[in-house]
Structures are given as C-alpha cells and as structure tokens.
Amino acid sequence: MRIARSREDRAPSPSRRSLLGASAGLGAVLGVASPLGLSQSWAAPSPTGERASAAAADDDGRDSGPLLPVPLVDEVARMGPHGCEGMVFDAAGRLFMSNTQGTEILLIGMDGAVSEWTRAVRAPNGHKVLADGTHLVAQMGPPGALVWLDADGTVLRVIDRDDRGRALRAANDVAVDPRTGGAYVTDPGPFAGGLPGRLYYLPHPRAELITVVDEEGEGDVGVLDYPNGLALTPDRRALLVSESGRNRIIRFALPEPGRPMDPRVFARLPSQPNTWTSGEAQPDGLAFDTEGRLFVAHFGTGLVRVRDRYGRDLGSLDSRTPCITNFAFGGPDMDQLFVTAHLGTSLSDPGPAVVMRMRLPGIEGLRLLP
C-alpha cells in the first residue's frame, strides 16, 4: 500500500474528459456557478413538471445561497488498485473508506497514513456511523448483506434477508436518519447485472429489513434502474436516490420515517462519456450542505455536480481525477469535501485509489451525526 502525504501540487492533472463535461462549460471547470436567472440556466422541467414539483411544497422564496467557490484541491492519501467507496467520519473525526475490491475498511489519516480498521465485510461499500458509535455497512458480497459492527469493527449482526425472505443481492449504500437511527439501503443487484432495484428501510439495527420500494417500481418513475447513492434532505422530509442506470436523481417524499412515497425526477445530470465504461457517466454518492444544495459524485468523470434544492444546476466542482465515486463532508467547519477517486480510466485498469480533499470556503456540509 503506497501512501502520499497531503500536498496541493501533488494532485493529478484533470483528464480531458473530466474537463469537457456536457453543458457545464467553463464554470464547471473552475468550480464556479453563475447567479441564478442569468447565464446559469434553470433545470428545464419535463412536460409533467417533474423538476419544479419536486420541491414546490417547500418553497419559501429564498434563493439558492452563495455561488460555488473555486475549490482548493489536494491529495490526502494514495493507495494501490483498491476499490474506493464508503467515505464517512465518526464522532471522533476518524475518516473511513471501503475497499470494494476486498474485505478491508480503512482508516485514512489527514497525514496520509492508511491503516486497516476491519476485514469483516465482503466487498464493503456504503458506510454510516450511528449515534451510539456502531456502524452500518452495505456488503456487496457475495453474499449481499447489511452488516452491523461495533466501534472496533467487530461484527454484531449480518442481515442477509429481507422481510419477504429474499436474499439481498448486492447492497450498495446506506443513509441514516439521525433523529430515529433508522437506515435506508439501496440494493441494485450486481454491477451491470440489469436487475430491477430495491430500496429497504431498517428501523433499528436489531429490526427486520423492510422492503419499501420493490422490483416493480412505483409511480411515474417506474422500476429503479441501479439505485445507488442516497441522502436525506436537511429537514429529513425527503429521500434522494441516485438512479445510475438513467443518469438521474429520484426524490421520494417522507411523510414519516420509513415510508418513501410519491417518487419524482429531481434532476437529470449532463450526459457525457463514462471514463470507466462504454456508456454514460452515472450519479453515485450524494451529500447535502446546510443550505439544501445537493452534491453528486458523477461516476466516470472527475466532477462533483451541484444542484439547488429545486434540482436546478449550480455548476460543477473539479476533483482533478478521472473518476470519482463517493465523498463526505468534514473538517472543523464542515467546509471540506473528502472524495474517493481512481486515477485509472477503466475497470480493467483502475490505477491507484486516492482520497482528495476539496476545500470549499463558504460551504458548510450537513452533519450526519446528532
């Protein structure tokens, strides 16, 4: 495992593809968004008004907050050809990363040091820390599972079947409601497997895993095509899910915890080639800031796409890597975005895995722990 210490001038140069995002233009390259209503266009609504209706009920007349800053980017740590996902901080400020191509969950030091926290999860992916200091990790497997671990990385429970007795296929990501401790889990099945997606809810770590969106889909959105990253809005009244297979974000209303309903298309991302596949770039990890802006890891590019709380395009932030996967806000003021990325450009040649830090003055990430 090769380690690199943080240094801004060590950050890799952006790939040509990561700089030429469709419709993002110069603002995307610089990480700057134009004022709303001027040169930065609103997300065009569909004939059914999908985008506008996604947040109309929450409209209180405020604008989308300050413009995006120009990010200051440096490399925190560099490893071998690991899979890199599942970025999360615990209450003590420790940063965790999942190696999706192995069994390790790693601790990433701000000095570039990398150490092993546990080897207890098979192909770990999404990862969240609960208020009591225990952890929930999505296990892609095989077998697919949701794994509950204590603060030292010891397994407390493996949940490998849902409330209908079905085996999990390849659990992908986890979002936790800090008010209740309940967790939402995506299960798209194996990568490129073409299976209809599922969405689950776990009321607490000892509870039964409840199917809340099944394979037949729901509403006008229909079947979820590879549900991936997910995040709760700051008011916890909606759940956003990356639908990677269609390059869009789906918004579910949450009238109460564990009851996602009324799915709508919140945003469609710009279409551009995926550096890792022969297809289109795909939304992956999600995170909110305190103003309700949604940050989207656009897998297959080096860009973090940013949308306001209505789904309108605010521009992009360049990570200086060819392919990002996930991220987590951190730092004393929650104004740093820690990004997992690959320096290679294909599944067959992933290159080193890196953790990049994007300093974002004026942005405050949403805290995930109470």
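Just so it is clear, none of the values below were taken in a lab; they were calculated from the coordinates. Please read these numbers as outputs of a predicted model, since none were measured by experiment. Reconstructed Cβ throughout: ideal geometry from the backbone, glycine too, with neighbour counts over all protein chains shown.
Take 238-247, 69-78, 297-306, 152-161 and order them by the average number of nearby Cβ atoms within 10 Å per residue, most first; the result is 297-306, 238-247, 69-78, 152-161.
Shown here is the pair-distance distribution of region 306-370: with all Cα-Cα distances grouped in 5 Å bins from zero up to the longest one, the shares run 4, 16, 21, 22, 18, 11, 7, 2, 0 percent.
Derived scalar couplings between HN and Hα for region 355-370 equal 10, 9, 10, 10, 7, 10, x, x, 9, 10, x, 6, 6, 8, 10, x Hz in order, rounded to whole Hz, by the Karplus curve 6.51 cos²θ - 1.76 cosθ + 1.60 (θ = phi - 60°), x for Gly and Pro.
Residues in region 175-181 carry Karplus couplings, in order, of 10, 10, 7, x, 6, 10, x Hz; the curve used is 6.51 cos²θ - 1.76 cosθ + 1.60 with θ = phi - 60°, and Gly or Pro positions show x.
Restricting the calculation to Cα atoms, region 220-332 yields a radius of gyration followed by a Dmax of 13.6, 42 Å. Modelled label positions at Asp152 and Glu116, each set 7 Å beyond Cα in the direction of Cβ, lie 1.7 nm from each other.
Taking 0.36 nm per residue of sequence separation and subtracting the Cα-Cα distance, how much length would be gained by fully extending the chain between Asp132 and Val70, in nm to one decimal? Gain on extension, Asp132 to Val70, equals 18.7 nm.
Region 301-370 and region 70-132 have Cα centres lying 14 Å from one another.
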